[in-house]
1. Kindly list the number of the only condition in (1) open to solvent by 40 Å² or more (accessible area, probe 1.4 Å); (2) assigned to a loop (DSSP other than H, G, I, E, B); (3) not hydroxyl-bearing (S, T, Y) that fails for P137.
2. Of all residues in the stretch 203-220, which are more than 16 Å from the chain's Cα centre (by Cα), more than 10 Å from the ligand (Cβ to nearest atom) and either modelled with pLDDT under 95 or under 16 Å from V31 (Cα atoms) (or both)?
3. Collect the residues in the stretch 175-193 that are open to solvent by 10 Å² or more (accessible area, probe 1.4 Å) and over 11 Å from T119 (Cβ atoms), keeping them in residue-number order.
4. Do any residues in the stretch 142-164 that are closer than 20 Å to P178 by Cβ and modelled with pLDDT under 95 have Cβ atoms under 9 Å from those of residues that are part of a helix (DSSP H, G or I) and among the small types (G, A, S), where the two are at least six apart or on different chains, and which pairs are they?
5. Mind checking which residues of the stretch 140-151 are buried (at least 20 other Cβ atoms within 10 Å of the Cβ) and on the phi > 0 side of the Ramachandran plot?
6. Would you mind finding the one in L62, L37 that is in contact with a Cys (Cβ under 8 Å, 6 or more places away or on another chain) and either small (G, A, S) or open to solvent by less than 30 Å² (accessible area, probe 1.4 Å) (or both)?
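The values are calculated or read from the model by the stated rules, or taken from the named source; none is laboratory data. The structure displayed is predicted, hence computed values, not measured ones. Here the Cβ positions follow ideal geometry from the backbone for every residue, glycine too, while neighbour counts run over all protein chains shown. With ligands, DNA and RNA removed, areas are computed over all heavy atoms of the protein, side chains included. Shrake-Rupley method; radii C 1.70, N 1.55, O 1.52, S 1.80 Å.
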Amino acid sequence: MKRDVIIACDFPTAEETFAFLDRFREEKPFVKIGMELFYGAGPEIVRKIKARGHKIFLDLKLHDIPNTVKRAMAVLSKLDVDLTNLHAAGGLDMMRAAIEGLTRPDGTRPRLIAVTQLTSIDQTRLSNELLIDRSLPEVVSQYAKNAKAAGLDGVVCSPLEAGTVHETCGAGFLTVTPGVRFSDGATGDQQRVTTPAKARELGSDLIVVGRPITAAADPVAAYRRCVSEFLG
Ligand code: C5P
């Protein structure tokens, strides 16, 4: 999958999403549909955005027993998304089952990536709430290795972890990275941020950018700036 900017379409309704996408007359950006929009607007929103010619990352972060995830992935594969995800914490069997479910009768399937640790989990929570007795980087690295062993295509991680993930799992293993901000922009609730140019330097394959584009006065200009800084 070639390097690209994915716009996180974190809108509550289909109307707001289409009003946003209608602004793009020349480009067809790669879009991320998350839980809010998917649960609010239903699977139809995926079909409609796909029909307009956009690539889609369906960010639903599945996590359940292997059989349930397999069956859910079989349903998602019919939506013809380009990229989807699950939690690596579900284990190797769950990840293998997900690939089975996602694979269509003709052998094709959407790319599948794993969330290693949510960026809302820091070392204190990991140790004191989840009782995981290892460092956060060790856990991220082990979960990325598990994802690779299960046959997944990559992970969602911080741009700051992209280099380590490529070192441990190979250059072809996708790193999809949120937490991107313009050098002169607001950080919002993201803790550790990098610019699009820095994300490129650190080896991110796909950057996921929400508010710096969706909340910009001119979203198309912000998208173009992001693409030019990231692709160089
Ligand atoms: O608006 P912003 O650029 O912060 O949006 C980032 C997007 O990436 C949001 O949809 C957010 O849910 C998602 N995300 C994230 N951190 C993760 C995983 C997903 O910010 N670890």
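1. For P137, the failing item is (2).
2. Once the filter is applied, which keeps residues that are more than 16 Å from the chain's Cα centre (by Cα), more than 10 Å from the ligand (Cβ to nearest atom) and either modelled with pLDDT under 95 or under 16 Å from V31 (Cα atoms) (or both), the stretch 203-220 yields P219, V220.
3. Of the residues in the stretch 175-193, the ones open to solvent by 10 Å² or more (accessible area, probe 1.4 Å) are 178, 181-193.
Correct list: R181, F182, S183, D184, G185, A186, T187, G188.
4. Between residues of the stretch 142-164 that are closer than 20 Å to P178 by Cβ and modelled with pLDDT under 95 and residues that are part of a helix (DSSP H, G or I) and among the small types (G, A, S), the close pairs are C157/A144; P159/A199; E161/S141; E161/A144; A162/A199; T164/S141; T164/A144.
5. Matches in the stretch 140-151: none.
6. Details: L62 fails: in contact with a Cys (Cβ under 8 Å, 6 or more places away or on another chain).
Answer to the check: L37.
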